[in-house]
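*Asks:* Handing you a structure now.
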Amino acid sequence: MLLAFIILYMLGVLLLGFIASTFVKNSKDYLLAGKSLPLYMATFVTFATWFGSETVLGASSVFAREGLLGVIEDPFGASLCLILIGLFFARPLYRLNLLTIGDFYRLVYDRRTEVVASLMMVASYFGWVAAQFVAIGVILKVVLGIPQYVGIVVGFLVVLLYTFLGGMWAVSLTDFLQTIMIILGLSVALFEVSSGFSELLPTIKAQPPDFYRFLPEASLKDILLYISAWITIGLGSIPQQDVFQRVMSSRSERVAVLSTILGGFMYLTVALIPLMLALFARTKYPELLETDPQLMLPTMILEHASLLTKVLFFGALLSAIMSTASAAVLAPASVLSENLIRPHLKNLSDRGFLWLTRLCVLLIALVSLAFALSGESIYRLVGSSSALSLVSLFVPLVAGLYFKGANPASAIASMLTGFSLWAVFEYAFHNEFALLVGFTGSILTYVLVSLLWKYMR
């Protein structure tokens, strides 16, 4: 039955992609769902932005081993990001009426800034998309017993087909239904594992005294690492195309603001469910902590849950992963086609641009597939992507929106300096403060070059 459900589920997702393709009449439909999403759908789609493999598989295993302090980055930092976007970024960005976040860097700065920002943005997505393909492969291997690389290719084909056909309409429709599946599947799993929620409070109280510690030790190192955890996604994902597409797909400015704030609170609430499941895995089946951490929750459900719960849980898990993967494929493809290729194709029709974007979806998915088949873990693939936008794109975005006198020299210097410092400290020195070094370098460079620019004028 579990095999039949997975096959039917994936066929259903493909059918939704085909239905979504009938809504696509032009490039705005494909990239922004015609700017027509109502509040309930926009909220669900925003919630699904990052609710993928890292949330269900990664954060839960870290929580079981390290406690609350281990999951500051996700879900707390991820929820903070959506709330900050709703409070400070959704309204001014929506009013600009742009197709991509890359357009912002051209509008506020110049074409050179657009190119540099777009290149960094596209590069930041490959590891993230690949991680979702790997997660699908891992799940299909555990459930069906097929080789992991076969599962990766199956996940790649399904995500590629419905994203290629329907674009943001496909992402929106599938995200909406997949969000319902996520909430239902995880809730039923927690209900069964906790014996009808009766064991929930005793299990929560049974953990060691410092397991729920939310603040770091009073040492400079711990405080700096704590700040890094909050800002990696909390600030770093603000200038990303997948979030921008959700803001711009809303039917009004008010919906754009409310949906991101509500999506942030919804994300935090639902993301606590896999953390609670991890508590039961840690308490009831401590031997699972010694296995591959990516498989802790799937193994617990497979070995100790009823068939109905297995169906709903793995349906929820596949929903979470595929919703993240589809959006993560479409986002860089949109930037690649609009900001890096289209300016070189004079007199390109809207229909031509639509098919150019679809070809970019194919290209992004293929490159990500190569990353996924490289043998890296989900954690390493996500880690290679999560910080890049913070150290390069965040400062020019904030400065361009809220500070007068924005200039291209400051923006480009800030992006290149922040990225270079982060890359050197991260990959050459393997320094745990690489993110803060790159982010600080980006801020200082923007300020110093701006002062020089003003003085020279």
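The values are calculated or read from the model by the stated rules, or taken from the named source; none is laboratory data. Keep in mind that what you see is a predicted model, and the values were worked out from it rather than measured. When we count neighbours, we look across all protein chains shown, and the Cβ atoms used for this are built from the backbone with ideal geometry, even at glycine. All accessible areas refer to the heavy atoms of the entire protein, side chains included, with ligands and DNA or RNA removed. Shrake-Rupley method; radii C 1.70, N 1.55, O 1.52, S 1.80 Å.
*Asks:* Of the conditions (1) crowded, with 24+ Cβ neighbours inside 10 Å; (2) on the phi < 0 side of the Ramachandran plot, residue 33 satisfies every one except a single condition; which number is it?
*Replies:* Result: residue 33 passes all but (2).
*Asks:* When the range 37-54 is examined, which residues are found to be touching a Lys or Arg at 6+ places or on another chain (Cβ under 8 Å), surrounded by 18 or more Cβ atoms within 10 Å (Cβ to Cβ) and outside any helix (DSSP H, G or I)?
*Replies:* Once the filter is applied, which keeps residues that are touching a Lys or Arg at 6+ places or on another chain (Cβ under 8 Å), surrounded by 18 or more Cβ atoms within 10 Å (Cβ to Cβ) and outside any helix (DSSP H, G or I), the range 37-54 yields 37, 49.
Listed here are the residues, each with its yes/no results for (1) open to solvent by 40 Å² or more (accessible area, probe 1.4 Å); (2) modelled with pLDDT of 95 or more; (3) of a type outside the set (A, V, I, L, M, F, W, C).
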site	(1), (2), (3)
15	yes, no, no
25	yes, no, yes
28	yes, no, yes
56	no, no, no
65	yes, no, yes
73	yes, no, yes
78	no, no, no
90	no, yes, no
93	no, yes, no
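*Asks:* Right, something else. Pairs under 7 Å by beta carbon, first residue at negative phi in the range 358-375, partner hydroxyl-bearing (Ser, Thr, Tyr) and open to solvent by 70 Å² or more (accessible area, probe 1.4 Å), six or more apart or different chains?
*Replies:* Matching pairs, first to second residue: 373/149.
*Asks:* Taking the range 301-314, which residues are part of a helix (DSSP H, G or I) and either basic (Lys, Arg) or surrounded by fewer than 21 Cβ atoms within 10 Å (Cβ to Cβ) (or both)?
*Replies:* Listed by number, the residues that qualify are 302, 303, 304, 307, 308, 309, 310, 311.
*Asks:* Could you list, in sequence order, the residues of the range 208-260 that are open to solvent by 10 Å² or more (accessible area, probe 1.4 Å), farther than 16 Å from residue 75 by Cα and among the polar types (S, T, N, Q)?
*Replies:* 219, 240, 252
*Asks:* To continue, here is another question. Restricting to the range 133-149, name every residue that is open to solvent by 50 Å² or more (accessible area, probe 1.4 Å) and in a helix (DSSP H, G or I).
*Replies:* Matches in the range 133-149: 141, 144, 148, 149.
*Asks:* From 385, 368, grab the single residue that is assigned to a loop (DSSP other than H, G, I, E, B), within 30 Å of residue 29 (Cβ to Cβ) and at pLDDT below 95.
*Replies:* Exactly one residue qualifies, and that residue is 385.
*Asks:* Within the set of pairs 6 or more residues apart or between chains, which connect a residue that is over 12 Å from residue 256 (Cα atoms) inside the range 84-101 to a residue that is at pLDDT 95 or above and surrounded by fewer than 15 Cβ atoms within 10 Å (Cβ to Cβ) with Cβ atoms less than 8 Å apart?
*Replies:* The qualifying pairs are 96/107; 98/107.
*Asks:* Inspect the range 98-115 for any residue being under 28 Å from residue 157 (Cβ atoms), outside any helix (DSSP H, G or I) and either open to solvent by 10 Å² or more (accessible area, probe 1.4 Å) or at pLDDT 95 or above (or both) and give the result as yes or no.
*Replies:* yes
*Asks:* Go over the candidates 320, 328 one by one and state the one that is modelled with pLDDT under 90, of a type in the set (A, V, I, L, M) and open to solvent by less than 10 Å² (accessible area, probe 1.4 Å).
*Replies:* Only one candidate passes the filter, namely 320.
*Asks:* Which of the following residues is within 16 Å of the chain's Cα centre (by Cα) and polar (S, T, N, Q): 124, 118?
*Replies:* 124
*Asks:* Taking the residues in the range 405-457 that are of a type in the set (A, V, I, L, M, F, W, C) and part of a loop (DSSP other than H, G, I, E, B) as candidates, determine which candidate is modelled with the lowest pLDDT.
*Replies:* 406
Yes or no, residue by residue, for (1) open to solvent by less than 20 Å² (accessible area, probe 1.4 Å); (2) closer than 25 Å to residue 223 by Cβ:
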site: 392; (1), (2): yes, yes
site: 397; (1), (2): yes, no
site: 401; (1), (2): no, no
site: 415; (1), (2): yes, no
site: 421; (1), (2): no, yes
site: 447; (1), (2): no, yes
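*Asks:* Here's a follow-up. Among the residues of the range 173-224, how many are part of a loop (DSSP other than H, G, I, E, B) and out of contact with any Gly (no Cβ under 9 Å at 6 or more places or on another chain)?
*Replies:* Counting residues in the range 173-224 that are part of a loop (DSSP other than H, G, I, E, B) and out of contact with any Gly (no Cβ under 9 Å at 6 or more places or on another chain) gives 14.
*Asks:* Could you tell me whether residue 406 is open to solvent by less than 30 Å² (accessible area, probe 1.4 Å), touching a residue at least 12 places away in the same chain (Cβ under 8 Å) and out of contact with any Asp or Glu (no Cβ under 8 Å at 6 or more places or on another chain)?
*Replies:* It is false that residue 406 is open to solvent by less than 30 Å² (accessible area, probe 1.4 Å), touching a residue at least 12 places away in the same chain (Cβ under 8 Å) and out of contact with any Asp or Glu (no Cβ under 8 Å at 6 or more places or on another chain).
*Asks:* Then there's this: From the list 336, 295, exactly one residue is hydrophobic (A, V, I, L, M, F, W, C), closer than 30 Å to residue 184 by Cα and assigned to a helix (DSSP H, G or I). Which is it?
*Replies:* None of the other options fit; the residue is 295.
*Asks:* Still on this structure: Could you list all residues from the range 188-220 that are within 15 Å of residue 63 (Cβ to Cβ) and of a type in the set (D, E, K, R)?
*Replies:* Residues satisfying the conditions are 210, 213.
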